[in-house]
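Enquirer: Provided herewith is a single structure, encoded as structure tokens, for subsequent inquiry.
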């Protein structure tokens with residue numbers, strides 16, 4: 001395999017909570033020990049529910065949030081300790097698309113200015129005309145006509161705003177595109193348009209995509225591999241086919257069983273198998289395996305040792321010490 | 001997903017920028033438009049009006065002292081105790097008051113925006129330090145500062161007045177801008193700019209300041225009458241403009257002393273002052289409604 | 001299976017809602033008719049701006065002051081539209097309850113959970129404080145809140161999103177309503193919690209024989225507990241039928257296209273999705289004729305000139321109707337599943 005574009009080694013992002021005058025501060029372990037390798041050109045989905053740390057992880061990779069431990073290796077070089085100034089040139093190669101399409105666009109700037117901003121920072125050598133040409137070209141590739149450059153974000157719908165956000169992120173042809181819930185705030189009929197657009201751009205530009213989402217159906221469509229997170233820790237990491245067809249981790253199984261399917265012959269029965277319990281407070285995660293409080297298969301040993309990702313087959317890792325005893329979908333024991 | 005389908009859905013008509021929308025909303029607010037027109041009329045009158053009168057603002061007319069409005073010798077609004085034409089003096093007073101109000105507001109705006117945006121954006125210890133500095137200044141009695149300043153420099157020096165008043169007025173502006181900056185800081189488009197590699201000065205100049213302009217304009221418009229009033233108060237106390245210069249405050253001071261015998265000497269400048277203050281307040285309220293960024 | 005001759009609990013008849021805005025009138029709901037029987041759950045599906053929430057806010061009398069409502073809605077025999085607030089309050093929270101999307105803003109922050117549930121009981125049923133508290137406890141247990149006695153004295157901010165939603169359901173059920181309107185009750189929740197809440201709603205519907213209106217944009221949610229489905233687009237109902245009819249054999253091109261464009265968890269395909277082109281319509285500038293016309297693959301000159309009426313047998317209480325000049329024929333073809 002060629003050199004990975006991005007590597008994470010035991011990455012941790014902890015936030016101190018409570019900045020009073022007293023020393024004792026609790027730590028919110030938003031991301032708690034992630035090991036990951038991302039190959040160039042692959043689409044990796046990062047899924048989980050609220051509090052799992054997926055958005056924080058995405059921002060930590062982009063150095064928008066300070067890491068608390070571990071390493072972020074970009075093209076082999078550890079960048080987690082670099083100053084903002086030193087990271088700046090890297091930004092042309094790693095970009096992000098946000099969840100709220102309208103909020104991610106400065107309301108006082110025209111669309112043209114918004115999409116041109118990365119060019120002004122990283123491609124100063126371009127003349128104004130050249131910049132304009134690149135902006136219009138990128139806007140066309142995301143399906144927007146040239147005359148949007150003089151308009152303001154509030155004049156557009158959610159889907160169109162998201163296209164503008166994607167154009168801005170892509171105008172420098174980055175190597176890595178991080179998408180943080182890019183379709184969650186959009187109407188269902190528009191989601192498919194944006195998913196298709198991302199697929200097209202990936203095919204045309206060959207960039208690596210990190211797709212952060214709680215929408216497992218979209219992730220299945222778009223991604224090659226999937227990482228499942230829970231309370232900041234990895235639960236399962238597998239190729240898309242394996243994860244959806246034969247999930248090994250009880251949390252993944254519960255998650256997949258909970259996603260509704262628009263089929264009235266299947267869905268009513270699926271409701272009965274809902275994963276019980278509540279998400280524990282991220283400030284006081286359970287000892288050992290963080291998922292054990294909701295796990296039907298938990299035993300006493302689960303409270304003692306936090307399981308690490310271990311291989312259960314080619315391209316399939318699970319953070320569960322009891323995986324062999326747990327049936328997966330379609331398996332007969 | 002065809003381009004035609006895309007284009008068909010685009011908003012028709014010319015690009016409607018933020019300012020164009022705001023202007024449209026403001027035009028619909030009758031009170032604000034009347035107030036704005038009145039301010040313009042009074043300002044024009046103040047600067048051009050005195051040329052229509054044969055009298056200079058400090059010319060003493062020995063024959064027509066303390067004459068009521070409609071008096072002889074073209075004293076349209078009467079004269080004061082020393083026989084100086086009240087029409088011209090009042091308009092000169094308006095000139096001074098407006099200049100002081102606008103310039104002091106401008107000074108407070110520049111300092112306040114720079115200070116507040118920086119404190120709000122940088123956050124942490126720097127923000128803490130900067131705002132505690134503001135708190136300390138706030139607690140100082142500004143009257144004393146002005147008194148000290150005016151005794152250090154020559155009394156009645158208009159520029160000292162601008163400085164003193166402006167130096168006091170920026171505090172609230174800084175707080176407002178800091179508050180706005182704090183809420184803007186969390187918005188995703190700031191994060192997007194950071195992700196694009198824009199540095200702190202760039203973010204402050206191109207993203208923060210243009211987005212706080214709305215509240216700044218509103219507050220500035222409401223600050224102008226406060227500045228005028230403050231100057232009037234100082235002049236009323238004798239700390240402001242000195243004879244023979246006149247501001248609305250000094251005129252009101254003189255008029256108050258003659259209230260019982262020559263009530264017009266109070267009513268004329270007071271009338272102008274009250275009208276100006278009301279107009280600025282109405283305009284400020286109208287601007288607040290027009291510029292309030294509401295989600296569609 | 002609900003009896004199709006059970007009495008009609010909520011009868012909405014040609015309801016229209018128009019808002020008076022500074023930029024002109026805005027039509028949010030147009031000619032909305034629906035009858036919900038006892039024991040049945042009708043899913044009202046549509047995207048943002050389709051008018052689904054506004055229709056039921058009109059029924060509850062909760063619209064903004066600049067709304068003008070025409071048409072009628074009846075709770076049993078009692079008309080609800082344009083009724084004075086004092087009279088409406090005899091039904092709201094008693095026989096007709098509503099739960100909302102965001103439990104954090106729908107619960108009063110400064111009152112404990114127990115107080116909020118009891119408030120409804122005391123106010124509408126005249127119970128004593130102890131009886132109300134006992135009832136609140138019983139309700140919390142019915143909505144499967146763990147550790148119920150302790151929760152009674154907790155404040156909303158101390159509970160998780162799923163818990164708060166259960167509390168809201170408990171408040172809505174406090175006086176044994178005949179009709180429950182659920183407006184996107186699980187949209188703000190995590191998917192595993194959503195499944196729990198939906199299972200709870202299904203159980204409650206079955207046990208209490210309530211009529212339920214479930215407003216959502218998620219066809220998967222509807223497939224789990226609804227008996228019938230009404231699909232809304234641009235303020236109108238465009239398709240109505242049993243959940244099997246609408247989801248397995250949709251007749252309206254919008255419904256069919258929506259189903260085809262949704263990525264599904266059981267779909268192993270990796271090619272592009274058959275997306276619906278164009279944008280959701282702007283309610284201020286609806287196209288002439290059928291509102292879905294510009295985005296429809298089958299639209300012709302007739303569609304562009306005449307808005308299609310909702311046609312079918314007894315559209316309100318009956319089973320099958322569609323507002324289309326050229327309804328889609330045949331069942332929706334299956335896709336590769338794993």
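Enquirer: Condition (residue is more than 13 Å from chain B (Cβ to nearest Cβ) and in contact with a helix residue (DSSP H, G or I) (Cβ under 8 Å, 6 or more places away or on another chain)) applied to the stretch A:98-109: is it met by at least one residue?
Expert: Within the stretch A:98-109, none of the residues are more than 13 Å from chain B (Cβ to nearest Cβ) and in contact with a helix residue (DSSP H, G or I) (Cβ under 8 Å, 6 or more places away or on another chain).
Enquirer: Tally up the residues in the stretch C:188-204 that are farther than 21 Å from residue A:229 by Cβ and at pLDDT below 90, please.
Expert: 0
Enquirer: Hey, residue C:237 hits all of (1) away from chain A (no Cβ under 12 Å); (2) not in a strand (DSSP E or B) but one; which does it fall short on?
Expert: Just one mismatch for residue C:237, condition (2).
Enquirer: Can you name the residue in the stretch B:255-274 that is under 18 Å from residue B:100 (Cβ atoms) and crowded, with 16+ Cβ neighbours inside 10 Å and is also farthest from the other protein chains (Cβ to nearest Cβ) among such residues?
Expert: The selected residue is B:269.
Enquirer: Right, something else. Where residues in the stretch A:152-173 are surrounded by fewer than 21 Cβ atoms within 10 Å (Cβ to Cβ) and more than 8 Å from chain B (Cβ to nearest Cβ), which of them is nearest to residue A:102 (Cα to Cα)?
Expert: A:158
Enquirer: Considering only the stretch A:225-239, state which residues are modelled with pLDDT of 95 or more and not in a strand (DSSP E or B).
Expert: none
Enquirer: Let me ask something else. Regarding residue A:46, is this residue surrounded by 21 or more Cβ atoms within 10 Å (Cβ to Cβ), in contact with a strand residue (DSSP E or B) (Cβ under 9 Å, 6 or more places away or on another chain) and either part of a loop (DSSP other than H, G, I, E, B) or more than 13 Å from chain B (Cβ to nearest Cβ) (or both)?
Expert: Yes, satisfied.
Enquirer: Would you be able to say whether some residue in the stretch A:142-151 is touching a helix residue (DSSP H, G or I) at 6+ places or on another chain (Cβ under 6 Å), part of a helix (DSSP H, G or I), closer than 27 Å to residue B:185 by Cβ and more than 9 Å from chain B (Cβ to nearest Cβ)?
Expert: no
Enquirer: If you don't mind, another one. So which residues in the stretch B:1-55 are surrounded by 14 or more Cβ atoms within 10 Å (Cβ to Cβ) and modelled with pLDDT under 55, if there are any at all?
Expert: B:1, B:5, B:6, B:8, B:9, B:10, B:11, B:15
Enquirer: Let me ask something else about it. So, in the stretch B:195-210, exactly how many residues are over 30 Å from the mean Cα position of the chain (by Cα) and surrounded by 19 or more Cβ atoms within 10 Å (Cβ to Cβ)?
Expert: Summing the residues that are over 30 Å from the mean Cα position of the chain (by Cα) and surrounded by 19 or more Cβ atoms within 10 Å (Cβ to Cβ) in the stretch B:195-210 gives 4.
Enquirer: Going by the structure shown, is residue C:64 in contact (Cβ under 8 Å) with a residue 12 or more places away in the chain, farther than 25 Å from residue C:225 by Cβ and not in a strand (DSSP E or B)?
Expert: In short, yes.
Enquirer: Please state which of the following conditions residue A:299 fails to meet, knowing it meets all the rest: (1) surrounded by 21 or more Cβ atoms within 10 Å (Cβ to Cβ); (2) over 19 Å from the mean Cα position of the chain (by Cα).
Expert: Of everything listed in (1) surrounded by 21 or more Cβ atoms within 10 Å (Cβ to Cβ); (2) over 19 Å from the mean Cα position of the chain (by Cα), residue A:299 misses just condition (1).
Enquirer: Still on this structure, please answer the following. Counting only residues that are within 14 Å of another protein chain (Cβ to nearest Cβ), within 27 Å of residue C:63 (Cα to Cα) and not in a loop (DSSP other than H, G, I, E, B), which one in the stretch C:165-193 is nearest to the chain's Cα centre (by Cα)?
Expert: Result: C:165.
Enquirer: Next question. Within the stretch C:207-227, how many residues are within 11 Å of chain A (Cβ to nearest Cβ) and outside any loop (DSSP other than H, G, I, E, B)?
Expert: Of the residues in that region, 8 qualify.
Enquirer: So residue A:291 fits all but one of (1) modelled with pLDDT of 90 or more; (2) within 12 Å of chain C (Cβ to nearest Cβ); (3) closer than 30 Å to residue A:25 by Cβ; (4) surrounded by fewer than 19 Cβ atoms within 10 Å (Cβ to Cβ); what number is the exception?
Expert: Of everything listed in (1) modelled with pLDDT of 90 or more; (2) within 12 Å of chain C (Cβ to nearest Cβ); (3) closer than 30 Å to residue A:25 by Cβ; (4) surrounded by fewer than 19 Cβ atoms within 10 Å (Cβ to Cβ), residue A:291 misses just condition (4).
Enquirer: Same structure again: Yes or no: residue A:320 in the same structural domain as residue A:37 (by TED's automatic domain parsing), in contact (Cβ under 8 Å) with a residue 60 or more places away in the chain, within 15 Å of residue A:233 (Cβ to Cβ) and within 27 Å of the chain's Cα centre (by Cα)?
Expert: Yes; evaluated as a whole, the condition is true for this residue.
Enquirer: Considering only the stretch C:247-267, state which residues are in a loop (DSSP other than H, G, I, E, B) and at the interface with another protein chain (Cβ under 7 Å from one of its Cβ atoms).
Expert: C:262, C:263, C:264, C:265, C:266, listed by residue number.
Enquirer: Take residues that are surrounded by 20 or more Cβ atoms within 10 Å (Cβ to Cβ) and tell me which of the helices (runs of 4 or more DSSP H) falling wholly in the stretch C:79-164 contain 3 or more.
Expert: C:113-125, C:129-142
Enquirer: Among B:182, B:222, B:251, B:229, which is the only one that is in contact with a helix residue (DSSP H, G or I) (Cβ under 7 Å, 6 or more places away or on another chain) and modelled with pLDDT of 90 or more?
Expert: B:182
Enquirer: If we keep just the residues of the stretch A:242-269 that are more than 7 Å from every other protein chain (Cβ to nearest Cβ) and in a helix (DSSP H, G or I), which is farthest from residue C:190 (Cα to Cα)?
Expert: Looking at the filtered set, the residue picked out is A:242.
Enquirer: Scan the stretch A:110-140 residue by residue and report those that are under 23 Å from residue B:18 (Cβ atoms), within 13 Å of chain B (Cβ to nearest Cβ) and not in a loop (DSSP other than H, G, I, E, B).
Expert: A:111, A:112, A:113, A:114, A:115, A:116, A:117, A:118, A:120, A:139 - these are the residues of the stretch A:110-140 that are under 23 Å from residue B:18 (Cβ atoms), within 13 Å of chain B (Cβ to nearest Cβ) and not in a loop (DSSP other than H, G, I, E, B).
Enquirer: If we only count helices (runs of 4 or more DSSP H) wholly inside the stretch B:71-166, which ones have 1 or more residues that are touching a helix residue (DSSP H, G or I) at 6+ places or on another chain (Cβ under 9 Å) and at pLDDT 80 or above?
Expert: Hits in the stretch B:71-166: B:86-122, B:124-139.
Enquirer: Filter the stretch B:229-245 down to the residues that are over 19 Å from the mean Cα position of the chain (by Cα) and in contact (Cβ under 8 Å) with a residue 40 or more places away in the chain, then identify the one that is farthest from residue B:88 (Cα to Cα).
Expert: This residue is B:239.
Enquirer: Just to be sure before I move on: is residue C:274 part of a loop (DSSP other than H, G, I, E, B), surrounded by 20 or more Cβ atoms within 10 Å (Cβ to Cβ) and within 12 Å of chain A (Cβ to nearest Cβ) in the structure I sent?
Expert: It is false that residue C:274 is part of a loop (DSSP other than H, G, I, E, B), surrounded by 20 or more Cβ atoms within 10 Å (Cβ to Cβ) and within 12 Å of chain A (Cβ to nearest Cβ).
Enquirer: Only one of A:93, A:100 is surrounded by fewer than 21 Cβ atoms within 10 Å (Cβ to Cβ) and either free of Cβ contacts under 8 Å to residues at least 12 places away in the same chain or under 28 Å from residue A:9 (Cβ atoms) (or both); which?
Expert: A:93
Enquirer: Being under 19 Å from residue C:240 (Cα atoms) and touching a residue at least 24 places away in the same chain (Cβ under 8 Å) is true for just one of C:27, C:33. Which residue is that?
Expert: Only one candidate passes the filter, namely C:33.
Enquirer: Residues in the stretch A:174-210 that are outside any loop (DSSP other than H, G, I, E, B), within 24 Å of residue A:56 (Cα to Cα) and more than 9 Å from chain C (Cβ to nearest Cβ): how many?
Expert: Of the residues in that region, 10 qualify.
The values are calculated or read from the model by the stated rules, or taken from the named source; none is laboratory data. Bear in mind the structure is a predicted one, so any value in this text is a computation, not a measurement. When we count neighbours, we look across all protein chains shown, and the Cβ atoms used for this are built from the backbone with ideal geometry, even at glycine.
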